[in-house]
Amino acid sequence: DDEEQEDSIVSSDSSGEEEESDEAEKMEEKVEDNMSCPVKHVDAGVSQSVPAISKPAHTEKPSKVKTFLPPSQPAIFVPVDRSPEIQEARLKLPILAEEQVIMEAIKENPVVVLCGETGSGKTTQVPQFLYEAGYGSENDIIGITEPRRVAAIAMSQRVSLEMNLPQNVVSYQIRYEGNVSTETKIKFMTDGVLLKEIQKDFLLSRYRVIIIDEAHERSVYTDILIGLLSRIVPLRQKKGSPLKLIIMSATLRIEDFTENKKLFRTAPPVIKVDARQFPVTVHFNKRTPQDDYAGECFRKVCKIHRMLPSGGILVFLTGQAEVHSLCRRLRKMFPYRGKQGSKDEKDEDAQEAKALRAFKKSKPKKKVNLPKISLDNYSALPMDEGDEDREAGGDDDEEADRSDFDLDLEDAGSDEDKESDSSLPLYVLPLYSLLAPEKQAKVFRPSPSGTRLCVVATNVAETSLTIPGIKYVVDCGKVKKRFYDKITGVSSFRVDWTSQASADQRAGRAGRTDPGHCYRLYSSAVFSDFEQFSQPEITRRPVEDLVLQMKDLNIEKVVNFPFPTPPSTDALVAAEELLIALGALQEPPKTGRLRVMQSAKLSCPITPLGRTMASFPVAPRYAKMLALGKQHDCLSYVITIVAAMTVRELFEELNRPALNDEEKVILTGKKARVLQMQKIWAGQGPAQKLGDLMVMLGAVGACEYSGLTPTFCDRNGLRFKAMMEIRRLRGQLTTTVNSLCPGVSIFLDSKMQPPTESQVHYLRQIVMSGFGDHIARRIQPEELLDEKWRNGYKTPLLEDPVFIHPNSSLFRQLPDFVVFQEILETTKMYMKGVSSIEPEWIPALLPQYCHYGDPLEDPPPFYCKASGRVRCHRQSTFYRVGWQLPAVEVE
Ligand code: CDP
Ligand code: MG
């Protein structure tokens with residue numbers, strides 16, 4: 001029964017639930033009765049099934065007033081003192097014409113969907129409408145979530161400027177920083193931050209309104225937030241302190257929100273904001289360059305700049321490194337030496353290099369001063385690392401006129417990368433998510449006179465930020481996407497083609513103020529092969545971390561959760577299986593010998609261990625290690641190992657081909673030295689059994705001991721950036737652990753002693769407990785079917801043998817049982833991050849993976865004097881593969 005399941009997703013006190021569903025039924029009837037939308041009339045342009053509010057006919061448009069108060073609004077009115085320039089700019093935004101419609105819809109409906117073209121003013125204006133109408137008065141806060149950190153910061157700054165209010169009133173909160181105060185009335189935050197707040201206060205009682213911005217991006221957290229809020233809103237209504245939910249999106253596939261009956265029983269009204277969009281002519285390349293799309297971008301920008309009339313250029317690339325490299329080439333070609341030129345022009349890379357030199361010069365501090373973390377910052381770390389530009393959906397740009405010809409530019413001058421060009425200076429600015437806020441802000445300011453603006457951006461410029469004055473868009477057609485390997489569970493960023501919707505959205509950026517042009521560096525044939533929309537992120541990634549977070553919110557039947565787009569049942573089952581195996585969820589009763597009903601598997605409640613795990617800001621496997629690490633004073637080592645495993649690739653790649661003989665000699669020498677160091681770090685005697693994780697511990701220890709300098713890292717083949725990241729993570733995890741675990745107080749010692757023999761032993765067990773399905777058993781001589789299998793290992797998940805990576809410290813030792821972090825496929829399938837384990841630990845520490853023998857066939861029980869109990873030996877097998885494990889004693 002759908003209805004019943006739907007109500008039971010949140011285990012809360014059930015009194016009054018009946019009433020609610022009765023009411024809901026009545027409401028549904030009413031809607032069916034007269035197909036009417038909750039408010040006003042249906043806009044013919046909107047799909048029939050979506051009740052919509054159209055804007056009033058132009059003649060009826062209310063004359064725009066600075067401070068409009070809808071008649072039915074509470075008698076609270078909060079004046080805002082804006083500067084005349086700001087007010088003038090605001091009045092030009094299409095959304096201002098819709099203020100009355102929007103505010104009335106919000107007043108009369110608990111949930112409203114607001115969609116409009118990028119740049120129409122949704123993000124900057126709607127919070128102001130709400131504030132003026134009294135939604136941020138007394139102790140109430142207006143909350144706005146953004147999927148990107150850059151948008152949360154930039155938008156809070158913009159709104160604070162527009163409203164002439166300080167940043168402690170219009171504030172932001174992202175994972176590691178923020179300026180929220182007791183005065184805060186408008187709070188921009190990342191979606192992860194709000195999710196963490198729901199964990200603390202399910203009803204979000206401090207908020208009067210929640211705005212979910214950029215909902216079309218379909219970030220995992222945004223999707224989950226919408227699902228949760230669809231339940232929180234009725235609960236707040238019942239409590240008599242209604243919460244308003246506003247979902248804002250580009251005009252794209254809003255049906256996932258409005259037509260999903262599991263989400264909202266009554267489809268929320270949709271308000272469309274028409275933006276003035278000028279026609280954009282789309283030019284495709286005749287051929288699609290194979291690899292060098294960045295070089296192609298360079299040539300295209302050069303041609304545009306030399307041949308076409310004035311107007312800003314916006315280039316879409318995929319990542320921070322590419323953005324910088326193109327900026328450098330363009331600045332060299334069209335140098336700009338304006339008044340502030342020398343300062344502005346300075347390459348960020350050069351500044352980075354300078355900072356690094358300064359760092360090298362500065363004496364290493366004795367005490368390691370680590371940044372503090374806030375517990376509000378909860379999202380799993382691996383999700384947030386790197387240049388986290390997500391691919392975004394976009395808007396079908398109907399006015400975009402596609403052509404297969406590149407008439408204007410085809411026979412433009414030479415493509416060569418000359419020293420410099422005498423054309424007008426180009427004012428080149430980078431834009432990507434991790435760029436410092438003050439540098440980001442530059443793109444919004446007018447470019448110096450006598451120059452042409454050229455912004456080289458990742459896809460943050462696709463929908464999150466609107467740059468004024470852009471007439472030409474150069475689109476490489478690519479986007480950096482996160483890929484997940486189903487077998488190893490390891491994720492990586494890869495550059496891939498974008499979607500048609502995103503490409504159209506990018507093109508649309510050229511038509512904000514005037515008709516524009518979009519140059520696509522790929523052929524129309526390639527474009528027609530693009531997927532229509534990017535798949536929502538939730539359908540493309542493993543969900544064990546989300547499932548654990550949801551169980552921690554007491555959502556037991558995750559399968560019934562009202563996801564806007566649900567992940568596949570397979571993905572949910574896999575997640576629950578892993579969490580059960582980790583002990584984070586209660587094991588469902590077994591009906592057969594091993595078979596468990598799928599439905600039972602999908603509704604397992606969380607265990608106390610699971611709750612602890614959910615509170616650590618890392619993926620569940622690592623969280624399990626942290627949760628167990630308290631024992632035997634192992635925690636500081638576990639923190640270091642988890643930080644190192646999460647950062648990965650500590651060591652420089654030294655097997656690369658040398659460019660010349662000189663480099664060959666250097667590389668050979670360095671390799672020898674690094675091998676020697678790794679041997680030292682791997683330890684002596686029993687310590688060696690911890691294998692690669694011991695090497696990681698040793699490397700981090702040595703690095704911190706020496707003050708973590710680039711020189712030390714370089715000499716020892718360590719990546720300085722990776723080591724810095726490990727230091728940061730160790731600091732965060734230490735702070736988290738200290739505040740979460742009563743009685744624990746770890747401090748970060750820059751002179752970490754190596755673990756003792758017995759600690760190494762426990763550490764191996766702790767790693768095994770987190771990676772139960774990453775156990776491999778050496779192939780025995782009698783199993784050798786093929787000479788190629790020599791020195792190979794069997795794993796529960798793969799048919800083919802896997803091998804210890806040649807760089808591993810256990811490469812020559814070949815222990816019988818090992819646990820590995822990941823499998824990397826190159827010439828063979830190689831295990832990386834390998835430690836040895838003892839098979840007798842498996843039945844004791846990983847009971848969920850084991851099938852225990854028949855008591856009748858096992859040796860008879862015996863009385864154990866020492867413990868005063870009856871005990872028996874029991875055989876066990878590792879169930880997926882039936883490996884016989886040594887008998888264990890049980891009471
Ligand atoms: O959210 P939506 O895409 O609908 O628009 P918005 O982000 O609210 O932007 C509205 C307008 O404000 C755009 O024309 C931006 O160019 C402008 N804006 C600005 O001038 N400076 C900022 N820092 C942010 C926005
Ligand atoms: Mg916006």
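Spin-label model, GLU183 to GLN676: label points 7 Å out along the Cα-to-beta-carbon direction sit 6.1 nm apart.
Between the beta carbons of GLU88 and ASP570, assuming R0 = 51 Å, the FRET efficiency works out to 0.40 to the nearest 0.05.
For segment 827-840, backbone phi angles converted through the Karplus equation (6.51, -1.76, 1.60; θ = phi - 60°) give residue-by-residue couplings of 6, 10, 8, 10, 8, 10, x, 9, 10, 8, 10, 9, x, 5 Hz, Gly and Pro being listed as x. A full extension of the chain between PHE811 and GLU138 corresponds to an added length of 235.7 nm, given 0.36 nm per residue minus the alpha carbon distance. In a fully extended conformation the segment linking THR756 and ARG494 would gain 90.2 nm over its present Cα-Cα distance, using 0.36 nm per residue.
The simple Förster model, with R0 at 30 Å and r as the Cβ-Cβ distance, assigns ARG728 and THR539 a FRET efficiency of 0.45. If you take the Cα centroid of segment 730-763 and the Cα centroid of segment 218-244, the two points sit 38 Å apart.
Would you mind getting me the FRET efficiency between GLN780 and ALA525? Use the beta-carbon distance for r and R0 = 51 Å, nearest 0.05. Efficiency computed from Cβ-Cβ geometry: 0.40. Model label points for ARG790 and VAL744, set 7 angstrom from Cα along the Cα-to-Cβ axis, are 4.6 nm apart. Placing a label point 7 Å from the Cα of LYS332 along the Cα-to-Cβ line, the residues of segment 426-449 whose backbone N sits under 19 Å from it are 426-430.
Residue separation of ARG206 and GLN237 scaled by 0.36 nm, minus their Cα-Cα distance, works out to 9.7 nm of gained length.
Of the cross-linked pairs LYS122/LYS286; LYS300/LYS481; LYS122/LYS480, those separated by over 30 Å at the C-alpha level are LYS122/LYS286. With K and R counted +1 and D and E -1, the other residues having a Cβ less than 11 Å from that of PRO815 yield a net charge of +3. With 28 Å as the limit on Cα-Cα distance, the pairs of LYS185/LYS272; LYS478/LYS828; LYS187/LYS261 that go past it are LYS478/LYS828; LYS187/LYS261.
By its C-alpha gyration tensor, with a ≥ b ≥ c as the square roots of the eigenvalues, how is segment 640-785 shaped: rounded for a/c under 1.5, else prolate for a/b larger than b/c, else oblate? The shape class here is oblate. Counting Lys +1, Arg +1, Asp -1, Glu -1, what net charge surrounds MET155 among other residues with beta carbon under 9 Å of its beta carbon? That works out to -1. Summarising the amide proton neighbourhood of TYR830: residues at separation of 5 or more, or on other chains, whose placed amide H is nearer than 5 Å comprise PHE803, LEU824, GLU825. When the alpha carbon gyration tensor of segment 728-795 is reduced to an equivalent ellipsoid, the three semi-axes, largest first, read 39, 14, 12 Å. With a sphere of radius 9 Å drawn around the Cβ of GLY833, what net charge do the other residues whose Cβ falls strictly inside it have (Lys, Arg +1; Asp, Glu -1)? Result for the local shell: 0.
Laboratory data are not the source of any read-out in this text; all were calculated from the coordinates shown. Bear in mind the structure is a predicted one, so any value in this text is a computation, not a measurement. Cβ coordinates were reconstructed from backbone atoms using ideal geometry, including for glycine residues, and neighbour counts include every protein chain displayed.
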